[in-house]
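These notes are about the structure you will find just below.
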């Protein structure tokens, strides 16, 4: 019995299929067709439907002189990617610049429990929180610390802070593992000396794939994925590929991406031949909308507290939203986040500096009054994304409790990998986000972002990154794919 067009389910959507269909999955492990320490390309086979949560696995070579080295706690293995591009034929479908910084924002919306139970194993992300207790009899939480599902250790006594007995470690162990004297140790699967292989989902690399599966069997053009790796920074204490401790580390050490580990695990979905043929006949021309991101960035002096007006583009386009982060590209790799963060204004005495911001497009301001309260700016993120970031108040803007700790642990027993959380995470997630609410196409002047930082820490320059979410349209007709701005 043949299947009529009206009975053919939408096999591209990542949702339940309202029919009783037999589905099979064929998994290929693909090597890159081009590989170097700066670039990589994969080419897919034109068969079946490409599952959106296919992934790319990779790892770094083991460090020789940094036994405690890890990936950044907030983005994990994503720190290795600078740019990701999806191409069909010669056409670029999706492309994200400064991808690792982009993931610093996106990773805020992952639940703490998911980071502990899933992402710490799959992608190396381990930003999660728990209440720090002083003793086993103390029921009062004194601060917030990391939760990596282990107990803090005290290497001097051989026992953890909460009473569980652990082996006594010798000083020689430091050369082969990540043992630290007091605090939370890094799990074995996160230590770079063990060469852990992590995976990056294609749905994270390309927003187009988060809601659609590519019908590769209907395409007559090659589909390729291109990745530009994060470069090795020539600075003496800077290497954006990984993070390491200060004590006993060799800051000039550089790690290559292990070529043998770079694979693409591609899942191809099949249905019975009649259903596949009926679907192709019923969808000889397919149209859909999706979002892509465009980056604008500018470097500012830390001492410049005047209003900055940055044109972030979007002229003639439909733009849904934008999000912003300010960080130091020259930041030291000694730490937990490397440079993939968004720094808040500094603290002067007991007062936190202020950010004043607004967005202007189509000759009108988005907000009638400039945003100055950080609580309102946090609210704007929630309204823009429809989700609450899983971070503390102090991690957002340092307002958790004045100049000393601010709610994050200041004690060695609450440290992670020997690094105190009140210095590593405090004020490092100060992103802003804005949803453009008038449903208008942007005029020829583009979008202008206005920001004034009243106080920034440090004596270095800062780079402001702004991503805008642009609506694009795509068409698949007679095996040929085309895309254009909506």
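The values are calculated or read from the model by the stated rules, or taken from the named source; none is laboratory data. Here the structure is a predicted model, which means the values were calculated and not measured. Neighbour counts are summed over all protein chains in view; Cβ atoms, including those assigned to glycine, are modelled from backbone coordinates with ideal geometry.
Data for the structure
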{"item": "Out of 216, 190, 202, sole residue that is surrounded by 18 or more Cβ atoms within 10 Å (Cβ to Cβ), touching a strand residue (DSSP E or B) at 6+ places or on another chain (Cβ under 7 Å) and either under 26 Å from residue 331 (Cβ atoms) or at pLDDT below 90 (or both)", "result": "190"}
{"item": "In the range 365-382, the residues that are over 28 Å from residue 147 (Cβ atoms) and in contact (Cβ under 8 Å) with a residue 12 or more places away in the chain", "result": "366, 370, 371, 372"}
{"item": "Any hit, the range 155-178, residues being closer than 30 Å to residue 258 by Cα, in a loop (DSSP other than H, G, I, E, B) and at pLDDT 80 or above", "result": "no"}
{"item": "The range 249-279, residues that are buried (at least 16 other Cβ atoms within 10 Å of the Cβ) and under 24 Å from residue 478 (Cβ atoms)", "result": "268, 269, 270, 271, 275, 276, 278, 279"}
{"item": "Residue match in the range 376-387 (condition: surrounded by fewer than 19 Cβ atoms within 10 Å (Cβ to Cβ) and part of a loop (DSSP other than H, G, I, E, B))", "result": "yes"}
{"item": "Given (1) buried (at least 24 other Cβ atoms within 10 Å of the Cβ); (2) closer than 30 Å to residue 481 by Cα, index of the condition residue 107 fails", "result": "(2)"}
{"item": "Matching option when the condition is surrounded by 14 or more Cβ atoms within 10 Å (Cβ to Cβ), free of Cβ contacts under 8 Å to residues at least 24 places away in the same chain and farther than 11 Å from residue 432 by Cα, among 393, 360", "result": "393"}
{"item": "All strands (runs of 3 or more DSSP E) inside the range 260-318 with 3 or more residues being farther than 30 Å from residue 21 by Cα", "result": "285-300, 308-311"}
{"item": "Any hit, the range 333-347, residues being out of contact with any strand residue (DSSP E or B) (no Cβ under 8 Å at 6 or more places or on another chain), part of a strand (DSSP E or B), at pLDDT below 90 and surrounded by fewer than 23 Cβ atoms within 10 Å (Cβ to Cβ)", "result": "yes"}
{"item": "Single residue of the range 78-104 satisfying the filter (out of contact with any helix residue (DSSP H, G or I) (no Cβ under 9 Å at 6 or more places or on another chain) and outside any strand (DSSP E or B)) that is nearest to residue 430 (Cα to Cα)", "result": "101"}
